[in-house]
Amino acid sequence: MTFFSRRIGAFLAVACMVLAGTAFAVDFEQLDAFPSAAASSYGIVMTASPDGRLLVWDGWTIWEQAFLGGDRFAEVAQGYLGDPGFMALSPDGHRLVLGAGYSGAVHILDLDAPADYEADSEILVTGHYSGVMVSENLLLVDRLADDYATTELAIVNISADPASVVTVMAKPPASDFNGGAGEFAVSTALAVDDAKTAVYTTGLLYDATFATLSAQLKRVAVSDLMTAYNAKTQLDWHTDAVAIGADLAFNVGGPSAVMANGDLLLGGFGGVQRVNPDTGTVVETYAPAGFDYYGVSHNPVTDDVYPVVADPVTWAMDVVYGPAGAIAALPAMGGTVLVFLAASFLALGRRRL
């Protein structure tokens, strides 16, 4: 499912709901310093290194903030071709996992010794859209099943040779609705809390006109997923996943991140929803660009939220907004001050870790 079909499919289902609950936040500003999408990419994805500096993949190059909170990005590695679906950092902070969406390519970059892409170094995980690390070596992906009518959660051992892929939960198939005539399932964003105890996912189904039939947000225990992986069995979506709110209550883009207080961030039409998973309510909606289709990135170190919308010319999802003042140009200054700032940032990163 491309960015364009996601826009069409979600619009009618959520437009009225979002307009009613949107708070046009005034504490965000457009951030022009971020890398733009590469020519072959529909957008960019972001995460953060352990010291809080943002990491960006544009579909070819991986970039890293030169300074915490600074507006300059340094090239880390290049040649990683693909339409960016996700970036996931291993719990130890040393490996960066890049998912290139439905091409199936999953790249692994060693942040301690980053290198440009080498031919045939990627792992192939067919149909994946989003992914999160649930342990040092295990990647959980949300992907389209081979029948194109069902989405599923699968665990990939990225350290195995060859990498093993085990399906641990199937979401409801399109045939569960209206006899399945002309309907299909779509994979969505995936999120895991910092403690690796809970995964959040959405079961999304469309009909032939791209009308949303079902978009149920649910929580699954990581321990249950691990048990299913080790036993090579599958969990049941209806009994092993806990529903959050009513069906169609939230944006259909799925949960992209878990904030420090446990709130979920969901992208979609009209803004980024911040959802309390315990109460099943939308706490706030961030829509700094007005009514548009939003993706969202999150810095888990600083807890900052970065809404991302489409460029009006290229349509790539790479127009980034962030909290006012979170990203600033580094002023001209002497070497002594630079050394002091670098030491301060390093100390801040260690304290946060």
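The table that follows gives values for the structure above.
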| item | result |
| --- | --- |
| Selection status of residue 228, over 25 Å from residue 300 (Cα atoms) and part of a helix (DSSP H, G or I) | yes |
| Residue that is nearest to residue 195 (Cα to Cα) [pool: residues in segment 291-313 that are free of Cβ contacts under 8 Å to residues at least 24 places away in the same chain and assigned to a loop (DSSP other than H, G, I, E, B)] | 292 |
| Filter pass, residue 152 being at pLDDT 95 or above, charged (D, E, K, R) and surrounded by fewer than 14 Cβ atoms within 10 Å (Cβ to Cβ) | no |
| Every residue from segment 135-180 that is in contact with a Pro (Cβ under 9 Å, 6 or more places away or on another chain), farther than 18 Å from residue 105 by Cα and not hydroxyl-bearing (Ser, Thr, Tyr) | 136, 147, 149, 180 |
| Selected residue [under 20 Å from residue 97 (Cβ atoms), of a type in the set (S, T, N, Q) and touching a residue at least 24 places away in the same chain (Cβ under 8 Å)] from 187, 159, 164, 214 | 187 |
| Test result for residue 290, modelled with pLDDT under 95 and at positive phi | yes |
| Test: residue in segment 111-133 that is modelled with pLDDT under 95 and closer than 19 Å to residue 216 by Cβ | yes |
| Residue check for residue 65: on the phi < 0 side of the Ramachandran plot, of a type in the set (S, T, N, Q), buried (at least 20 other Cβ atoms within 10 Å of the Cβ) and out of contact with any His (no Cβ under 8 Å at 6 or more places or on another chain) | yes |
| Pick from segment 272-309, criterion among the aliphatic types (A, V, I, L, M), more than 16 Å from the chain's Cα centre (by Cα) and farther than 15 Å from residue 258 by Cα, ranking: surrounded by the fewest Cβ atoms within 10 Å (Cβ to Cβ) | 289 |
| Test: residue in segment 232-245 that is within 13 Å of residue 295 (Cα to Cα) and modelled with pLDDT of 95 or more | no |
| Top-ranked residue in segment 238-247 [being surrounded by fewer than 20 Cβ atoms within 10 Å (Cβ to Cβ) and of a type in the set (A, V, I, L, M, F, W, C); ranked as farthest from residue 216 (Cα to Cα)] | 242 |
| Wholly within segment 1-65, strands (runs of 3 or more DSSP E) carrying at least 3 residues that are under 14 Å from residue 309 (Cβ atoms) and modelled with pLDDT of 95 or more | 28-31 |
| Residue ID - farthest from residue 154 (Cα to Cα), chosen from residues in segment 199-211 that are over 15 Å from the mean Cα position of the chain (by Cα), touching a residue at least 40 places away in the same chain (Cβ under 8 Å) and in a strand (DSSP E or B) | 206 |
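The values are calculated or read from the model by the stated rules, or taken from the named source; none is laboratory data. From a predicted model like this one, the values you see are computed outputs, not experimental measurements. Please note: Cβ atoms are built from the backbone with ideal geometry, for glycine as well, and neighbour counts cover all protein chains shown.
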